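Student: I'd like to ask you about the structure that follows.
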Amino acid sequence: MSIAEAQAAELSLERPSGLWRDAFDRFRRNPAALVGVSLVLIFTIAAIFAPQIAPHPPNQQVGPLSTNPAGPGGGHVMGLDEQGRDLFSRLLYGARLSLLVGIVSVGIGLAIGLVFGALAGYVGGWVDTVVMRVMDLMLSIPSLLVAIGLVTLLGRGMVQIMFAVGVTTVPIFARLLRGSILGQREADYVLAARSVGVPGRRLLLGHILPNSIAPVIVQATLTMATAIIEVAGLSFLGLGPGDPSLPEWGKIMADNANRLESAAHLVLFPGFAIVLTTIGINLIGDGLREAIDPKLKS
Amino acid sequence: MLKFIVRRLIFTIPILFGLSILVFLFVRALPGGPAIALLGERATQESVEQIEEELGLDQPLPVQYMRYLTNVLSGDLGSSVSTRRPVVDELKQRFPATFELALMAMLFAVAAGIPLGYIAAKRYQGILDNVSLVGSLLGISFPVFFLALLLKYVFAVKLGWLPTVGRIDVTRSLEHPTGFYLLDAIIAGDGAAFVDVLQHLILPAIALGTIPLAIVARITRAAVLDVLGEDYVRTARAKGLDPGVVDRRHVLRNAMLPVVTVIGLQTGLLLTGAVLTETVFAYPGLGSWILNAIRFRDYAVIQGGILFFAGMFIFVNLLVDVSYAFLNPRIRYR
Amino acid sequence: MRKSLKLSALVLALSLIAAACGGDGDGGGGGGGEEEADATLTFGTSADPVVLDGALVSDGESLRAIDQIFEGLVTLDPGTTEVVPGLAESWEISDDGMSYTFTLREGVTFHDGTDFNAEAVCFNFDRWYNFTGTFQNPSASYYWQTVFGGFSDGKTPSLYESCEAPDETTATLNLTKPSASILGALALTNFTIASPTALEEYDADEGRVDEEGIFSPTGTYATEHPTGTGPFMFESWTRGEALTMVRNEDYWGEFEGNIGTLIFRPIAEGSARLQALQAGDIQGYDLVDPQDYETIDGDDQLQLLNRPAFNVGYVGMNQAVKPLDDIEVRKAIAHAVDRQEIVDGFYAGQGVVAHEFMPPEVVGYSEEVTQYEYDPDLATQILEDAGYTVPVEIDFAYPTDVSRPYMPDPQANFEAIVSDLEECCFKVDKKSATWSPDYLDNVDNGRYGLYLLGWTGDFGDPDNFVGTFFQTEQPAWGFNNQEIFDALDAAEVETDPDTREQLYVEANNLIMDFLPGLPYVHTEPGLAFTANVTGYRPSPVSLEPFSIVTVE
């Protein structure tokens, strides 16, 4: 740990709010990050105000049943699906699901992962070894397979999927936090604080954790993007939510992957919805990373 | 160095064991049973009971596990319910397919990603840099299956430039001594077949390799930027060394470290992306095989397939660790 | 660095050029618009066959391949369900209806050179009759058990008694009781005759049961040496890629078409099959998705053929689950669903609304069954009159990961029906499971209330439809209606064709009054080919020989 870094840590100990203020300013001035915020804002608004914005209820049949549903036009901005429902309305309601999925699954992964990571990093010793071996075991199976396995076991449903995807993100957060804590543990300020008798828990909760949080926030944001894509992937493979009328974006794509010839709009619109949302989240994540530590490049 | 390798190998054994137990329990916990899978629409109650009796599912779990373990260690992974063939035989066919695909995807990602990242770093904040950043952002934000569908639709269906499904044109007969079709074509000296196999690989490889491409480009750029800023590079330049030499001998080699790590980590991504890509292109590899097995409760395939998958993944990680240690001598003596 | 970029670009460019110029996978030989003597046809199937031994399979893809390589004593006139001579030129039925004497064709040989004769016929029948152990699993010998019942070990009674071969060209099948449907059954692919030499040499009767209790043949007969008398001979099989057959130059019969090499290529997704057809990788495929009918029809390079309707799609009702045991509830369901809209919307013009559990083409179809018009108000009325508070709760299940000719998109049908039910007077608890094994397992064990299912006939006999469903009490239907059971029992054994027809008509009337389920569609499944393929005759039971097909 270099002198400069120790000084930075000291600074953060003295005036934590100052560090955050600086980060916020840097973020504000980053054009890419602002684009990301706008995109995510659009989707959040769409999700929250779906009932007000949507021209039709998501499950109402407003057109004919058809194997070759009509594309955009005739009063339907994005066309209809095979049950005669308005696609635009369904996508708006689907935004709710996607954002919910992103937040909840990352929340689950974060919560569990942090506990493990903090345990491993702070307590160390055999606890560390055991926890890390379990994480290695989890990482040894590709995450999609783990998610598929869990969904198969637990059954289909939004809750199960969020749990399954959340579980696959646990090792990432655990490792991250553990690494961060390990780095901090030997920091001068920690040694100094301990030598004057500051109790361990206060140190952990009051100082080490908050200083370790920054990379975790960045990772959480980025993981949210992959969570959304992974849920869409699970839907695509036929393991999505059990209720077929749920307008989950990935599920809509999966249902219509074999209609690409005749009704491409049913694949393209939800697909690009996913892409734009994910880009937005990734931009925010990148912006946060640069804002929090501009020297950090990877 | 050898000690390092041996130590790492020893570490993987408990992981493999844990894995086998996990997979075994997982398969047993699945609802339903293979009996119905065999009978389909035409099952009757007595016939189902008859099969389940022969299944030996009434034995206590540890007994079943020991039987399973002894079989695995002696190379018997059971038979597939849907095709009635030994799992090992299917594995011998499916693995080379996915391996070839993953290899092509990785080659694509590296061959395009490293130069992209390097150039972007050299022209830091120039137009190319920004374009590459946008590009790699797009790359990681695109769901693999969406990309696969689009590629297939545009290039195979609409434009007809490349084939839509499979590994090889079925009207072509080729001997398969290795199972790796590109190799087989070379061995047979069949140039047309080689090109044909390559054509079948292009679209899936691009779809599969796009995310790794984006990540490799980003990491390379970051790593190169880091190194470029380092003191010793500036010193070398100040001394008057030809910039090209500086680049190759110092910048590149040190930038390779994080890239190699990332490449290793991408393997997991490739394997999972393979499941999605193989489905879209009807490519007969491991991914589609395991997925169907899970859907249709093909126990033996699920067990054998996942075990193999994970085992492969662990092996690749081992290779990555070793090459990492090779590139960075400081690691070896840890 | 730049070098490797250039290199990859070069390789890419070369491949694209090669693609544009040459390897299109076009299988029609020179394709110069003239008939080739030895055309190659690649056909897209939905999956690999399981094995190529007719006695051991029941899945469509195995049967399709076996149909090309093997022949039976009798067969069906292509495109119909009419029984015509096959390897037997003629036959006589004894007065008591228990002996069938077949006069066999002369000069026929199996693909391995063995002579075809009466001894070979009896060898095959006896082989099946003598199946033991795991070969007796329904997973192995479903059709033997359906038609003949039991085996030589006597555990269950068998229709088969013996086979006699008094001379080279005469084979007599003796039954234990008279049967009206045996000839139609003998046309089934599962009763095709195989070479005794090959069966023995390649251990056709060796099978092992592995750890999981799964039976698999260990001999190489069924996977590498299937040997029949048919117009095509087995050449090679790479799973997941291709099953290759070549023309049998010594075929005894007339080879009307011009196919020299026949390749079956498994492609799981219907849209992928279409794309392969459009790209020229295959020249035909089966199980066309309805949404692709328009595309194929509109393309003059392609043609769409339809099989005559021989199936029924229905909503099953398990009366063990309340309130489905109440006829009023079942009637209300029938009136609440707009079947016409579903048939119009999801079957691209190739379906008709079904009013009973067998299609009009089958003997015994009744023109006078009770009709249940789409009338949601009436449905609500019926429920309220019967004392229910609307909405009535019921559960309804559909299968995933499957596409059947009568139900190409189960989810679409499900959602439409649910939407109708909920708009009317019901509250639906939605369920789903993977088709195989879970969904079918659940249906068979009566775990669902309402469920989507259907049936394609195996042979042109009403017993194969309504007999299979309603002749005995079954958990899937959950009812015990002796009147219907008796009516079907009587109809099955009746030997006089006219009386039999009448009995089935009456049975159908009874059934539709009782309304054990809601049939909603009969379809004409589609096949697609490139425009230069002629002579293919779609068959109601999918018995479709490629020997009569010509590729121009």
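Read the figures in this text as sums done on the coordinates, not as results from a lab. Everything numeric here is computed off the predicted structure, so don't read it as measured data. Glycine also receives a Cβ, built like all others from the backbone with ideal geometry; neighbour counts cover every protein chain displayed.
Student: From Cα coordinates alone, what are the radius of gyration and Dmax values for segment C:279-397 in angstrom?
Tutor: Rg then Dmax for segment C:279-397, in Å: 19.1, 61.
Student: Return the whole-Å distance between the Cα centroid of segment C:39-104 and the Cα centroid of segment C:411-438.
Tutor: 38 Å
Student: On to the next question. Would segment B:140-181 count as rounded, prolate or oblate if I go by the C-alpha gyration tensor, calling it rounded below 1.5 in a/c and otherwise prolate when a/b exceeds b/c, oblate otherwise?
Tutor: Working: a/c = 4.76, a/b = 1.75, b/c = 2.72.
Oblate shape, in that a/c is at least 1.5 and b/c is the bigger or equal ratio.
Student: Ok, one more. Residue A:251: which aspartates and glutamates have alpha carbons under 15 Å from its alpha carbon, excluding same-chain residues fewer than 8 sequence positions away?
Tutor: The reachable aspartates and glutamates, counting only those whose Cα sits under 15 Å from residue A:251, are A:81, A:82, A:230, A:243, C:401, C:409, C:415.
Student: Would you calculate the volume per residue, in Å³, of the smallest convex hull containing every Cα atom of segment C:330-470? Mind dumping the intermediate values first?
Tutor: Working: hull volume 17.6 nm³, N = 141.
Here the figure is 125 Å³ per residue.
Student: Which value results when the Cα radius of gyration for chain C is divided by 2.2 N^0.38 Å?
Tutor: Cα-based Rg divided by the globular estimate yields 1.05.
Student: Can you order the peptides B:275-288, C:498-511 by their average number of other Cβ atoms within 10 Å per residue, highest first?
Tutor: On the way: B:275-288: 26.2, C:498-511: 19.7.
Averaged packing, sorted descending, gives the order B:275-288, C:498-511.
Student: Can you tell me how chain A classifies by the Cα gyration tensor, rounded, prolate or oblate, using a/c under 1.5 as the rounded cut? Before the final figure, lay out the partial values.
Tutor: Values: a/c = 3.27, a/b = 1.92, b/c = 1.70.
Taking the square roots of the gyration eigenvalues as a ≥ b ≥ c, chain A is prolate.
Student: Could you check which residue among A:167, A:267, A:62 shows the biggest mean-square fluctuation in a GNM of chain A with a 10 Å Cα cutoff?
Tutor: A:62
Student: Let me confirm the definition first: pairs of Lys residues in chain C, 8 or more apart or on different chains, C-alpha distance under 30 Å. How many are there? Don't jump to the answer; show the numbers that get you there.
Tutor: Numbers: C:155/C:177; C:322/C:331; C:322/C:427; C:322/C:430; C:322/C:431; C:331/C:427; C:331/C:430; C:331/C:431.
So the count of such lysine pairs works out to 8.
Student: Here's a follow-up. Going by Cα centres, segment B:179-240 and segment A:51-93 are how many Å apart?
Tutor: 43 Å
Student: When Cβ neighbours within 10 Å are restricted to other protein chains, what is their mean count per residue of peptide C:242-255?
Tutor: 1
Student: Using Cβ contacts closer than 10 Å as the measure, can you line up A:81, C:167, C:299 from fewest to most? Intermediate results must be reported in sequence, preceding the final value.
Tutor: Details: A:81 27, C:167 10, C:299 15.
With the fewest neighbours first, A:81, C:167, C:299 line up as C:167, C:299, A:81.
Student: When the dipole is taken about the Cα centre of the protein assembly as shown, and only Lys, Arg (+1) and Asp, Glu (-1) are charged at their Cβ, what size is it in debye, to the nearest 20? Spell out each step's value before the answer.
Tutor: Values: 75 positive and 141 negative charges, 2408 e Å.
Taking the Cα centre of the protein assembly as shown as origin, the dipole is about 11560 debye.
Student: Considering every residue in B:293-300, what mean count of other chain Cβ atoms within 10 Å of its Cβ is obtained?
Tutor: Numbers: counts 0, 8, 13, 6, 6, 3, 3, 4.
The shielding value for this peptide is 5.
Student: Ignoring the sites themselves, what is the longest stretch of chain A with no trypsin sites (Lys or Arg not before Pro) in a DSSP loop and at most 12 other beta-carbon atoms within 10 Å?
Tutor: On the way: sites that count: A:29, A:295.
Answer - A:30-294.
Student: Name the residue from A:284, C:308, C:332 whose Cα lies farthest towards the positive end of the charge dipole of the protein assembly as shown, charges +1 on Cβ of Lys and Arg and -1 on Cβ of Asp and Glu.
Tutor: The listed residue farthest towards the positive side: A:284.
Student: Give a residue-ordered list of calculated ³J(HN,Hα) values for segment C:102-115 (Karplus: 6.51 cos²θ - 1.76 cosθ + 1.60, θ = phi - 60°; whole Hz; x for Gly, Pro).
Tutor: Karplus values, whole Hz, x for Gly and Pro: 9, 9, 8, 5, 9, x, 9, 10, 6, 4, 9, x, 4, 6.
Student: Which FRET efficiency, nearest 0.05, do residue B:234 and residue A:198 yield, Cβ-Cβ r, R0 56 Å? Working shown, then result.
Tutor: Values: r = 42 Å, r/R0 = 0.75.
Calculated value: 0.85.
Student: Say the dipole of segment A:79-273 comes from +1 at the beta carbon of Lys and Arg and -1 at that of Asp and Glu; which of A:267, A:198, A:123 then lies farthest toward its positive end?
Tutor: A:198
Student: One quarter of the convex hull surface, Cα atoms only: what value does that give for the protein assembly as shown in nm²?
Tutor: Details: hull surface 202.2 nm².
Result: 50.6 nm².
Student: For segment C:307-326 and segment A:230-298, compute the distance between their C-alpha centroids and round to whole Å.
Tutor: After rounding, the separation between the Cα centres reads 38 Å.
Student: Right, something else. For peptide C:439-452, what's the mean number of Cβ atoms from other chains within 10 Å of each residue's Cβ? Don't skip to the answer; put the middle values down first.
Tutor: Values: counts 2, 8, 10, 3, 3, 8, 4, 0, 0, 0, 0, 0, 0, 0.
Taking the mean over all residues of the peptide, I get 3.
Student: Assign unit charges at the C-beta atoms only (+1 for Lys and Arg, -1 for Asp and Glu), then state the dipole size of segment A:63-199 relative to its Cα centre in Debye, rounded to the nearest 20. Could you put the intermediate results ahead of the total?
Tutor: Values: 9 positive and 7 negative charges, 34 e Å.
Using only the charged Cβ atoms, the result is roughly 160 debye.
Student: Okay, next question. So how do A:237, A:100, C:159 line up by other beta-carbon neighbours within 10 Å, fewest first?
Tutor: On the way: A:237 23, A:100 13, C:159 18.
Sorted ascending by nearby Cβ count, the order is A:100, C:159, A:237.
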